[in-house]
Amino acid sequence: MSTPETMRAAVLDEPGAFELRDVPVPDPEPGEVLVRIRACGICGSDLEIRDHGWLQDGTEYPLIPGHEWTGEVVETGPETYHFEPGDRVADETHGGCGYCRNCKRGRYTACLNYGEREKGHKHYGFTVDGGYATYCAIRERNLHHLPEVLSFRAGTLVTTAACSLYGVERADVEAGDTVAILGPGPIGLTAVQCAKLRGAKDVVVTGTRESRLRVAREVGADHTVNVHESDPVEAVRELTDGVGPDVVIETAGVHETVSQAVEMVRPAGRVGIIGNPGEGETPISTQAIVNGDLDVYGVKAQGQNAAERVTKLMTRPEFRTDPIITHEFDFEDLHTAMDAFENREDGAVKVVVTM
């Protein structure tokens, strides 16, 4: 089937100026393939980019956002070797330069050449065009084969689950650990499952919405704490014999929960911070970190090839995606879909648009 000359895309001309329109289909450059996108998940960072722009330098406008997508390869560019037309794929948004010290160590989400296209860095949906479109040209090394047992819809959680897996690994969750996860959003809900599959004995999830806490229990949480009803630090400590959990994973991206994570964890415990609170001050007790001999890890996106590994993990029957993906819209209704996600309409957790 021949590729058309134009496609539908959601284009951000500048922060605050976001519309669906027809644009040219991109041509794949050397090392790239062209993918026909089938589904794309909506992430909180998409709303931030839409309204205020991305917090790191390097974005050029107009920009097509979107970074949680799946699709089929339809065309291969020069110097491509790993994918063929018809292959089902899921994307990985971070494309490091490949040459700096961090990239060579597998820490490409912290590429030292972030935002510098001339040095090879690409952050799809953030600094270069992403997946709110009918087609996307993307480097082969930013794609992963999507197993046949995963639908295009379910595969939109690969990026989310990869962030969770990377956070769980950074915080070194071990067999038998007790783990507290702060925030029952998509990352927190996939983190529950990654922690369990890594051997965690008990997982506690804290949050503000009972509807999401119910989903947390459905996907494997052993205990949940509604922070409107109980002090989360006291409640989690009570569930862990007064000592605190071995590991705390912060996924809410709120200043208060980052502080709670440090207060809650047991002495000599580990804290992984996946959520990004953004601007403002986070009151973290350095006294607790030092006297508690704590390990505190920042977790940026899906580093160290977590996306490829979590794609395989998601094929396991106990890994649940349906309870997390609560809403589905047609791509032409993207604005409505974003409103549903932003306003948590009808208990929205993860919202997906399909092409």
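The values are calculated or read from the model by the stated rules, or taken from the named source; none is laboratory data. Here the structure is a predicted model, which means the values were calculated and not measured. Cβ placement follows ideal geometry from the backbone for every residue including glycine, while neighbour counts extend to all protein chains displayed.
Only one residue in 256, 281, 238 is of a type outside the set (Ser, Thr, Tyr) and modelled with pLDDT of 95 or more. Which one? It would help to see each step written out before you state the result.
On the way: 256 fails: modelled with pLDDT of 95 or more; 281 fails: modelled with pLDDT of 95 or more.
Going through 256, 281, 238 in turn, the sole match is 238.
Answer with yes or no whether residue 229 is surrounded by fewer than 17 Cβ atoms within 10 Å (Cβ to Cβ), out of contact with any helix residue (DSSP H, G or I) (no Cβ under 8 Å at 6 or more places or on another chain) and assigned to a helix (DSSP H, G or I).
Working: surrounded by fewer than 17 Cβ atoms within 10 Å (Cβ to Cβ): yes; out of contact with any helix residue (DSSP H, G or I) (no Cβ under 8 Å at 6 or more places or on another chain): yes; assigned to a helix (DSSP H, G or I): no.
The answer is no for residue 229.
To keep it simple, each residue is scored yes or no on (1) out of contact with any helix residue (DSSP H, G or I) (no Cβ under 9 Å at 6 or more places or on another chain); (2) modelled with pLDDT of 95 or more; (3) not aliphatic (A, V, I, L, M).
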site	(1), (2), (3)
275	no, no, yes
296	no, yes, no
314	no, yes, no
322	no, yes, yes
327	no, yes, yes
335	yes, yes, yes
339	no, yes, yes
353	no, yes, no
Consider only pairs whose beta carbons are under 9 Å apart and that are at least six residues apart or on different chains; among these, list those whose first residue lies in segment 315-343 and is among the small types (Gly, Ala, Ser) and whose second residue is assigned to a loop (DSSP other than H, G, I, E, B). 337/42; 340/42; 340/348
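Considering each of 301, 307, 288 in turn, give the residue that is hydrophobic (A, V, I, L, M, F, W, C) and surrounded by fewer than 19 Cβ atoms within 10 Å (Cβ to Cβ). Lay out the reasoning, then the answer.
Values: 301 fails: surrounded by fewer than 19 Cβ atoms within 10 Å (Cβ to Cβ); 307 fails: surrounded by fewer than 19 Cβ atoms within 10 Å (Cβ to Cβ).
Exactly one residue qualifies, and that residue is 288.
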How about segment 27-66: which of its residues are under 23 Å from residue 187 (Cβ atoms), free of Cβ contacts under 8 Å to residues at least 60 places away in the same chain and part of a loop (DSSP other than H, G, I, E, B)? 53
When segment 242-263 is examined, which residues are found to be in contact (Cβ under 8 Å) with a residue 60 or more places away in the chain, surrounded by 22 or more Cβ atoms within 10 Å (Cβ to Cβ) and aliphatic (A, V, I, L, M)? 247, 248, 249, 252, 261
